[in-house]
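Novice: Pasting a structure below so you can have a look.
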Amino acid sequence: MVKFVHVSSWNTVITKDTFKKPKLNTGFCNTHSFNLSGALYLSKVDDDNSDSSMWVRACQILNAHTDYYIKKNNGKPDEWLAGTKTFLDLDFDLHCIYLVDNPDDLKQVFIKYGKFSQSPIWETRKETLETHKMNEQRFEKLKELRVLNQFIDSQNSDYLA
């Protein structure tokens, strides 16, 4: 079992009864954000501090050293740092949870479980069937990079605002 923490800025404890399954929103241009609204985000609890995690420590550092957070909160604690913590013990094998520990694991998640397609636009562009098949091969080779870039972009957009 591994212990995780979820910090709620709404000051609510997550239980089986209060958890609402997030909806996968396809959004704009048939793509979706990997940062789903309503998703349950967990951070592994530190081995040496049962009330903290790497994510909580990162928020503390950002809150203390970033003018943006200090101005945003008028000197008040970050909403995440003041939030209610829910602790969960998870057994990855028992609960069939896929562990992503590094970029290669993440890539494998998208390759194994992602759905990719390219619409047959060759008819409307007067592209030959041969050119279309070549483009399909090119698309297959580029899909891994495209999905990883999209994931990275969705994570960076929060920090660019």
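The values are calculated or read from the model by the stated rules, or taken from the named source; none is laboratory data. As the structure is a computational prediction, the values presented were derived from the model and not from experiment. Cβ coordinates were reconstructed from backbone atoms using ideal geometry, including for glycine residues, and neighbour counts include every protein chain displayed.
Novice: Out of (1) closer than 20 Å to PHE92 by Cα; (2) at pLDDT 90 or above, what's the single condition that is false for LEU40?
Specialist: (2)
Novice: Quick one: which residue in TRP55, TRP10 is outside the structural domain of LEU148 (by TED's automatic domain parsing), modelled with pLDDT of 75 or more, of a type in the set (Phe, Trp, Tyr) and exposed (fewer than 10 other Cβ atoms within 10 Å of the Cβ)?
Specialist: Exactly one residue qualifies, and that residue is TRP10.
Novice: Please enumerate the residues belonging to the stretch 99-114 that are over 17 Å from SER43 (Cβ atoms) and either touching an Asp or Glu at 6+ places or on another chain (Cβ under 8 Å) or part of a loop (DSSP other than H, G, I, E, B) (or both).
Specialist: LYS107, PHE110, ILE111, GLY114
Novice: Of the residues TYR68, TYR98, only one is surrounded by 11 or more Cβ atoms within 10 Å (Cβ to Cβ) and either at pLDDT below 85 or assigned by TED's automatic domain parsing to the domain that holds THR15 (or both); which?
Specialist: Exactly one of TYR68, TYR98 is surrounded by 11 or more Cβ atoms within 10 Å (Cβ to Cβ) and either at pLDDT below 85 or assigned by TED's automatic domain parsing to the domain that holds THR15 (or both), namely TYR68.
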